[in-house]
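**Q** Below you'll find the structure I mean.
The values are calculated or read from the model by the stated rules, or taken from the named source; none is laboratory data. Predicted model, so just to flag it, every value in this text is computed and none were measured. Here Cβ is always computed from backbone atoms with ideal geometry, including for glycine, and neighbour counts include all displayed protein chains.
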Amino acid sequence: MKKELFVKYLNDQCTEAELNEVLRWVKADASNEEGKGWSFEVWKSCQETNNTDDESFFAIFDKIQERIDINNHKNNTKAGKSLSLPVLANWLIKAAAILLIPVLTFLFYTLSERKIESANYASFAADSLEVIAPLGAKTVVQLSDGSEVQLNYGSKIKYPHFFSSDTRTVRLTGEGFFKIAHNPEKPFIVKAAGLNIKAVGTTFNVLAYSDNSIIETTLVSGKVILEQVKKDGKTEGIATMRPGLHLSYDLQTGSISGMDENIEKYISWTEGKVIFEDTPILQVTERLSRMFNVDFEVKDELKNYTYTVVFTDDSLFQILDLMTIATPIAYKTLPRKKLPNGAFSKQKIILEKR
């Protein structure tokens, strides 16, 4: 039987001769692999075009029974025969049992496909992606809503494949520069330790490394609301930021401080620049450690030194050489050590007074 005829049958457009052909096919070939395959395809296409549901299978089954009854009645009338009600009922039950095989086949295939697709979708929606920018590297992440996130050295972001809830929520560890697609109906929330940074359509920077109790937020454009996450999971708004504002939140004390100043030094890393303004040497080495994936040891006699300088795409040793020119320090590098697992330790650099 051709697919076109089966489609006509599903749409109740068959002639009597075509109906007889369908019934013969149902009894003879519907349950073989070929019949199952293309009949299921036809059924799915009918679902897509007619918005039918699984209950339509039973409607089709009822239709088959009705047609058999009508067809049988016509044939018996023409032959001058009649069937008693018990005989007719018994014949219909047997015919229904035969015809139920392809119907159940369709139903099994459809329900199985839907369960598989639903399970896959649920898993797809529930699972989340995690992107990591290793120490010494940066990366850019494109989110499904059109937002973009640049991750600084040693940072990671966790986010869903698709934002299916009322908010667009991501989790950040490290530093990220966010350019958020505008959607006032679905706020964008960056979770960073005990702080939520909520925005609609805006550009901002968040610094929240796990080894630092301070979370820093810098707003370039738009509007951002900072919310403190309580122990019971509820949130409390603690600040509303305007463009050009830099705020620091202390996770340990709950205190918040702000500076309305030139914010370039907080976001310059996205352009390959490093800006230090009266920055203590320990903060300088902390940043360089993430940038170049090295460990620093700073001698006590240097810990009061500060630096004001701009580096643009300079190598580690170019920066160290400039530091030795600006201040009376010297540096030495220690060779990497081979670890028991076969890997090598980070390179270690010692800073001491010259």
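**Q** Against the definition (under 19 Å from residue 138 (Cα atoms) and assigned to a loop (DSSP other than H, G, I, E, B)), how does residue 210 come out, yes or no?
**A** For residue 210, the condition - under 19 Å from residue 138 (Cα atoms) and assigned to a loop (DSSP other than H, G, I, E, B) - is met.
**Q** What is the one condition in (1) in contact with a helix residue (DSSP H, G or I) (Cβ under 9 Å, 6 or more places away or on another chain); (2) farther than 30 Å from residue 294 by Cα; (3) modelled with pLDDT under 90; (4) of a type outside the set (Lys, Arg) that residue 135 does not satisfy?
**A** (2)
**Q** Please pick out the residue among 202, 167 that is without any contact (Cβ under 8 Å) to a residue 60 or more places away in the chain, buried (at least 18 other Cβ atoms within 10 Å of the Cβ) and of a type in the set (Ser, Thr, Tyr).
**A** 202
**Q** Would you check if residue 243 is of a type outside the set (S, T, N, Q), surrounded by 15 or more Cβ atoms within 10 Å (Cβ to Cβ) and assigned to a loop (DSSP other than H, G, I, E, B)?
**A** yes
**Q** Still on this structure: Check off (1) in contact with a Gly (Cβ under 8 Å, 6 or more places away or on another chain); (2) surrounded by 15 or more Cβ atoms within 10 Å (Cβ to Cβ); (3) under 21 Å from residue 205 (Cα atoms) for residue 293 and give me the number that stays unchecked.
**A** It is condition (3) that residue 293 fails.
**Q** Look at the range 271-310 and say how many of its residues are touching a Lys or Arg at 6+ places or on another chain (Cβ under 8 Å), farther than 19 Å from residue 334 by Cα and of a type in the set (S, T, N, Q).
**A** The number of residues fulfilling the criteria is 0.
**Q** Oh, and also: Which numbered condition in (1) under 30 Å from residue 220 (Cα atoms); (2) without any contact (Cβ under 8 Å) to a residue 12 or more places away in the chain is the only one that residue 321 fails?
**A** Going through (1) under 30 Å from residue 220 (Cα atoms); (2) without any contact (Cβ under 8 Å) to a residue 12 or more places away in the chain one by one, residue 321 breaks only (1).
**Q** Could you check how many residues of the range 254-281 are more than 34 Å from the chain's Cα centre (by Cα), loosely packed, with under 15 Cβ neighbours inside 10 Å and not in a strand (DSSP E or B)?
**A** 2
**Q** Do we find that residue 229 is among the hydrophobic types (A, V, I, L, M, F, W, C) and under 21 Å from residue 263 (Cα atoms) in this structure?
**A** no
Yes or no, residue by residue, for (1) modelled with pLDDT of 95 or more; (2) charged (D, E, K, R); (3) in the same structural domain as residue 291 (by TED's automatic domain parsing):
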site: 165; (1), (2), (3): no, no, no
site: 172; (1), (2), (3): yes, no, no
site: 179; (1), (2), (3): yes, yes, no
site: 197; (1), (2), (3): yes, no, no
site: 214; (1), (2), (3): no, no, no
